[in-house]
Amino acid sequence: MPTASATHLVLIPSYNPGPKVYETVTEALRYWAPVWVVVDGSTDGTAEGLTEMARHNADLLVIVEPRNRGKGAAVLSGLARARTQGYTHVLCMDSDGQHPAALIPVFMQASSRQPEAMVLGVPVFTAEAPRVRVYGRRLSNLFTNIETMGRQIGDSLFGFRVYPVQPLFRIMSARRSMRRFDFDPEAAVRLFWEGVAVRNIDAPVRYLRKSEGGISHFHYVRDNLLLIGMHIRLVFSLLYRIPRRLKAGRQA
């Protein structure tokens with residue numbers, strides 16, 4: 001078992017993931033400690049199962065939220081607790097087995113070498129990846145390139161990332177957005193606007209079939225509308241920021 005870190009932890013938001021979550025958590029614990037799971041109002045019995053796992057492993061903490069509020073809200077719950085316990089960074093990963101637990105040490109080491117940065121996974125797809133998801137990701141990345149006026153953020157939607165706790169907690173606490181599937185892209189853009197450096201690292205991603213235990217809660221109409229609204233809001237925020245930055249530059 002790895003030695004528990006006093007600064008970096010793995011944070012897994014989880015909502016009705018099915019049995020695959022136990023494999024995900026076990027793999028994460030194989031490569032890192034501590035691992036925290038925020039159960040976001042799950043009703044599939046995994047809250048009880050994960051709580052039982054935690055009774056037998058001191059490196060696992062399970063936080064059970066009474067109702068489902070969204071991925072970003074679950075991450076914020078974990079961030080709030082992490083900062084009170086002195087942790088400086090969290091590696092977020094999904095509970096459904098898509099993200100590569102074996103790369104946790106690589107991402108954590110990159111974060112330790114550059115603690116002021118966010119370390120963002122850039123997905124490497126297999127042929128099994130749904131085309132609609134790949135094309136949708138390209139569109140989101142196009143908007144993100146506009147919002148950051150460049151290509152600094154390798155991928156806007158991939159949720160395998162290390163975030164510095166304090167700036168992310170501050171940004172999320174100041175607004176009501178970033179609580180559902182809009183969390184990943186908005187977090188990256190707003191942290192970039194705040195001057196947080198970006199480190200991109202390639203990471204393989206698995207899209208599991210239902211027969212393999214794959215479960216997706218992404219609703220194509222509802223959540224794509226959420227993402228479109230988020231990008232419109234960020235573009236207008238950028239337009240507001242540009243004159244202020246130009247003025248500050250002239251005064252300097």
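The values are calculated or read from the model by the stated rules, or taken from the named source; none is laboratory data. Everything quoted here is computed from the prediction, not taken from an experiment. Cβ sites come from the backbone with ideal geometry, for glycine too, and all protein chains shown count toward neighbours. Accessible surface areas use protein heavy atoms only, side chains included; no ligands, DNA or RNA. Shrake-Rupley method; radii C 1.70, N 1.55, O 1.52, S 1.80 Å.
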Worksheet item: Among the residues of region 54-70, is any open to solvent by less than 50 Å² (accessible area, probe 1.4 Å), of a type in the set (S, T, N, Q) and in a helix (DSSP H, G or I)?
Response: no
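Say we look at region 191-215 and pick out the residues that are part of a loop (DSSP other than H, G, I, E, B) and surrounded by 15 or more Cβ atoms within 10 Å (Cβ to Cβ); which of these is modelled with the lowest pLDDT?
The initial filter retains those residues of region 191-215 that are part of a loop (DSSP other than H, G, I, E, B), namely 194-196, 205-209, 213-215.
Filter again for surrounded by 15 or more Cβ atoms within 10 Å (Cβ to Cβ), leaving 196, 205-208, 213-215.
Values: Val196: 97, Val205: 89, Arg206: 83, Tyr207: 73, Leu208: 64, Gly213: 54, Gly214: 59, Ile215: 62.
Here the answer is Gly213.
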Practice prompt. Look at Val75 and say whether it is touching a helix residue (DSSP H, G or I) at 6+ places or on another chain (Cβ under 8 Å) and either of a type in the set (Ser, Thr, Tyr) or part of a strand (DSSP E or B) (or both).
Written response: no
Discussion item. For the list (1) touching a residue at least 60 places away in the same chain (Cβ under 8 Å); (2) more than 28 Å from Asp155 (Cα to Cα), I need the number of the one condition that Glu65 fails.
Written reply: (1)
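Out of region 137-164, which residues are basic (Lys, Arg) and either under 17 Å from Phe236 (Cβ atoms) or modelled with pLDDT of 95 or more (or both)? Before the answer, list the steps.
Kept after step one, since they are basic (Lys, Arg), are these residues of region 137-164: 137-138, 151, 161.
Arg161 - this is the single residue of region 137-164 that is basic (Lys, Arg) and either under 17 Å from Phe236 (Cβ atoms) or modelled with pLDDT of 95 or more (or both).
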Worksheet item: Quick one: Thr84 ticks every box in (1) under 24 Å from Arg176 (Cα atoms); (2) open to solvent by 50 Å² or more (accessible area, probe 1.4 Å); (3) in contact (Cβ under 8 Å) with a residue 40 or more places away in the chain; (4) of a type in the set (S, T, N, Q) bar one, so which box is it?
Response: (3)
Item to complete: Could you tell me whether Ser77 is of a type in the set (S, T, N, Q), within 14 Å of the chain's Cα centre (by Cα) and open to solvent by 10 Å² or more (accessible area, probe 1.4 Å)?
Response: yes
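Condition first: out of contact with any helix residue (DSSP H, G or I) (no Cβ under 6 Å at 6 or more places or on another chain), open to solvent by 10 Å² or more (accessible area, probe 1.4 Å) and farther than 22 Å from Ala197 by Cα. Can you find one or more residues in region 101-116 that meet it? Please lay out each step first, then the result.
Going through region 101-116, the residues out of contact with any helix residue (DSSP H, G or I) (no Cβ under 6 Å at 6 or more places or on another chain) turn out to be 102-103, 106-116.
So of that shortlist, the ones also open to solvent by 10 Å² or more (accessible area, probe 1.4 Å) come out as 102-103, 106, 109, 112-116.
Remaining after also requiring farther than 22 Å from Ala197 by Cα: 102.
Yes, there is a match, as at least one residue in region 101-116 is out of contact with any helix residue (DSSP H, G or I) (no Cβ under 6 Å at 6 or more places or on another chain), open to solvent by 10 Å² or more (accessible area, probe 1.4 Å) and farther than 22 Å from Ala197 by Cα.
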Worksheet item: How about region 27-46: which of its residues are under 21 Å from the mean Cα position of the chain (by Cα), surrounded by fewer than 21 Cβ atoms within 10 Å (Cβ to Cβ) and closer than 12 Å to Ser14 by Cα?
Response: Gly41
